[in-house]
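Inspection log for the structure reproduced underneath, given as structure tokens.
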């Protein structure tokens, strides 16, 4: 094993088709026109010394280290800013440039601490390397003059230090923050010798607008910006490329290791989803893997009020099997089920649904996608033919107008948001449709052309109003519709949306969006060129979630924005493997590959492979499982890697359902909230402890590679296998590659996927004989279902309505620095940014209620109440309040209700009628729950031997 | 399961298919229930068809599940 070091070509690659040939130190090299001499030289194998240049940033030309001589030209130009020319003869190491470089380096070093042996960058310092490359032997100026050697260190950020004494003011950090991340948090303050790097308005990094993505740390050529983990542990000695286990962007990282200890996670430049960028979570928030809260031994108990008792794996697995068999014998084959995890690998998810179908003999398998993107599955399946985003992430580079609906990419999908912001800074237009004024609406160098601040729950009305404008103003792409879509359905749809009752003016009172904004946005989307739609849970988590997804698909088809780079319909998936868990047949009505269980031919494939008869009827969805538990017909549940008590809506109902079950098996890293109601706890493994694959939001299958042994002794797929075997259904895999081989044998869209291929590069499904290299963009020549299908999208108001008791609308979401229920992120230093959930409330609504900034407030709905602190902000409109669900102390889902999407039962998280009033502390429910939690988490002391 | 809750969910499905001009609403609702509802949910709704408030088209669809 070695430390992977990507080649730094110094400047970015050019994509020109015209090639230029030149001579560098006598070596012929041919590169695309526009390439810098520095890059061309590196491609010829000749590294020119550099400090301010790196190939993730635009050329800057400030350090004067990369000077070269060019025959026939005067002077010594900087090779990073000088483009190649045909026949050019470059000399990179003449006496003249060597003398200049050495002289410049002397100046740098005259103001740099000479503490290399004790420096955290020792062994990985570009300044040190460059000093070696230029042959620095002496610093004639000494260090007695004016210098910055006593400049203070800013250690405020929990993950990295800024040691100003080591800064050479190369501006790589400032440029990374601007060009790569797009936050513009850093600047060079002062001039000349007084120049220094400053965060925000010369603030500590932690309190500045820095989002801690780590781009500056990665760009720094010295120890100025350095991970605290490297300071503590030293430089890594080997690295393993793997995939982040946070959001659906699926960033590739190098896990840089010392032995089996992670020293740091560094975004991998060759990662196709992230191209070397990262966010604060993936880059830094992996400390949960070694948090003392992790449970590393299996535990069982008779009743949920008993203390947990640590047992062997064999005893725990035997308990699971005996309990599940007992329940099935008593209450029938359909009385138990599973919930697969979008945080686990494809292979693990595949095994859990197989456990239900083959070992339990039923289809009671569901996944957390039920409560996020299940309407995407239904909506895109109906209109296009399959549940998948249509584009790769790189497609956004070709978009002319970007529509963001019910998504907050800078918080939820930050690395993709940075790509999106790069395109917006290049001139693409932006339309935001969201009740909140999310950061994208207006942030440094970004301003939306239109922000449609719709009333929560009126997505369908807004989308139909947009369609009304496109149809009635003849903005339809007639050729696309005629060639690619079902014309009868299109005609019905066009007639429907054209009805006067669907005009922006007629719907203004419903949506709260001024008609002129809707008209302007529709015209922009339909006429600006390539129109790309990105949407999130603000679309799906409604009683008409599926209808909105279909309305979005209608718009894309009507304007011909499907089937090429720069366009498309792109669901931004929440968790790392939401796409994969859906692909793997986690839903109770679908076998892997989105094929309904009622299909005899599909069942036959799996029946032959698995040697069982598969039930042709759909099983229970997650909300139905709770109902059936209360009803007494569903009594056993195996939950892998999800905290349904905290994440699912209407907590009281969920807890009642869980309490009604006779055997709840929680398979997780921590004693999560669901474990309060569990009878068996099986310790899970982190993404660092197992092999497998994740599939990101662009359908990209990425390798997850084990960098350390499972701390509890088993990878999660091994645990599921053990349960199946104990249940009497044999499962014998030696490695996840064998599971992927089974997936490929049985699932056409994965037919061409193998670990050997994935080891070379990631693949976007479908990957099969028809698409041997995978499918970066879908529906290029035709839709998966054949012809695109327009669907009429009648607006049906939610039954969750405001009234005198509950006059405000609550909508929920998440924040950059926390992830889902926070089980992982809350156990890292990232809590510095978001230590508690807060309630955003408009100053007008707050004033009416006598609420001031930071006050405790009681948030109540007909489902329940909780208390949290108020933040007064105009990000939310009057009448709308907003909170996150990351902290179990708050339990925001005590407030949300049982209403759900008509097609899929996806909960209506985004619309809850609430009242907000001043409070003075925790609610009675919070206190009761805390007491229950304390009781139900007790672990029996093990007597000393 | 709560018959009223099942009826509410079935009526939600009905409201969607009622607006689809080219589809047989009754058949579509029945098909949706068959494709997405666990059999015990369908059985419970059928068993309580006379006690719950179902929209006319939905009632016809549920009748077909008997």
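None of the figures in this text is laboratory data; all of them are computed from the coordinates on show. Please read all numbers here as calculations on a predicted model, not as lab measurements. When we count neighbours, we look across all protein chains shown, and the Cβ atoms used for this are built from the backbone with ideal geometry, even at glycine.
At 10 °C and a viscosity of 1.306 mPa s, what translational diffusion coefficient does Stokes-Einstein give for the range A:374-571, taking Rh as the Kirkwood radius over Cα pairs? Give it in µm²/s as a whole number. Show your work: numbers first, answer last.
Details: Rh = 16.4 Å.
Estimated via Stokes-Einstein, D reaches 97 µm²/s.
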*Based on the Cα coordinates of the range B:3-64, what is the per residue volume of their convex hull in Å³?*
67
*Kirkwood-based Rg over Rh for the range A:808-935 (C-alpha set), two decimals?*
0.96
*For helix A:487-498, report the angle its Cα long axis makes with the longest principal axis of the Cα atoms of chain A; keep it between 0 and 90° and round to the nearest 10°.*
90
*Whole-Å distance, taken between Cα centres, linking the range A:191-245 and the range A:348-365*: 45
*Compute the separation of the alpha-carbon centres of the range A:283-341 and the range A:1-33 and state it in Å as a whole number.*
54
*Where does the Debye-calculated log10 I(q)/I(0) of the range A:153-290 sit at q = 0.08, 0.14, 0.17 Å⁻¹, using only Cα point scatterers of equal weight, no solvent?*
-0.20, -0.63, -0.91
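Using the beta-carbon distance between residue A:652 and residue A:95 and R0 = 56 Å, what value does 1/(1 + (r/R0)^6) give for FRET efficiency, to the nearest 0.05? Display every interim value, and only then the final one.
Details: r = 81 Å, r/R0 = 1.44.
Computed FRET efficiency for residue A:652 and residue A:95: 0.10.
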*Just how far, in whole angstrom, is the range A:532-605 from the range A:652-704 if you go by their alpha carbon centroids?*
23
_Test of understanding: ordering B:66, A:172, A:425 by Cβ neighbours within 10 Å, fewest first, what list do you get?_
B:66, A:425, A:172
*Tail fraction, Cα-Cα pairs, the range A:544-613, threshold 15 Å, whole percent*: 69
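Ranking request for peptides A:904-914, B:22-32, A:336-346, A:5-15: highest mean number of other beta-carbon atoms within 10 Å first, then the rest in descending order.
Averaged packing, sorted descending, gives the order A:336-346, A:904-914, B:22-32, A:5-15.
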*Working from Cα positions, state the angle (0 to 90°, nearest 10) between the long axis of helix A:622-631 and the longest principal axis of chain A.*
30
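Would you compute, from DSSP H runs of 4+ residues alone, the mean residue ellipticity of chain A at 222 nm, taking -39500 (n - 2.57) per run and dividing by the full residue count, rounded to the nearest 500?
On the way: 29 runs with 266 residues, N = 945.
It comes out at -8000 deg cm²/dmol, rounded to the nearest 500.
Give me a single rounded figure for B:11-19: the average over its residues of other chain Cβ atoms within 10 Å of their Cβ. Write out the running numbers ahead of the final one.
Working: counts 1, 10, 2, 1, 6, 11, 2, 2, 8.
Averaged over the peptide's residues, the number is 5.
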_Angle between chain A longest axis and helix A:545-558 axis [Cα atoms, degrees, rounded to 10]_ = 50
*Given a Förster distance of 51 angstrom, what is the FRET efficiency for residue A:935 paired with residue A:17, based on the Cβ-Cβ distance and rounded to 0.05?*
0.15
*Just counting partner chain Cβ atoms within 10 Å, what average do the residues of peptide A:900-912 show around their Cβ?*
2
*For chain A, projected area of the alpha-carbon convex hull averaged over all directions, nm²*: 40.8
*For labels at residue A:613 and residue A:258 in the simple 7 Å Cα→Cβ model, what's the distance in nm?*
6.1
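Which of the peptides A:275-288, A:315-328 is most tightly packed, and how do the rest follow, judged by the mean count of other Cβ atoms within 10 Å per residue?
Working: A:275-288: 24.4, A:315-328: 19.2.
Result, highest mean Cβ count within 10 Å first: A:275-288, A:315-328.
Going by average Cβ density within 10 Å per residue, which order do the peptides A:883-896, B:34-47 take, highest to lowest? Spell out each step's value before the answer.
Details: A:883-896: 23.3, B:34-47: 19.4.
Answer by packing, highest mean first, reads A:883-896, B:34-47.
Convex hull over the Cα atoms of the range A:1-124, averaged projected area in nm²?
Working: hull surface 37.6 nm².
Across all orientations, the range A:1-124 yields a mean hull projection of 9.4 nm².
What is the Å³ per residue value for the convex hull set by the Cα atoms of the range A:602-668?
Working: hull volume 8.0 nm³, N = 67.
For the range A:602-668, the hull spanned by Cα atoms encloses 119 Å³ per residue.
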*For A:587-598, what's the mean count of beta carbons from other chains sitting within 10 Å of each residue's beta carbon?*
1
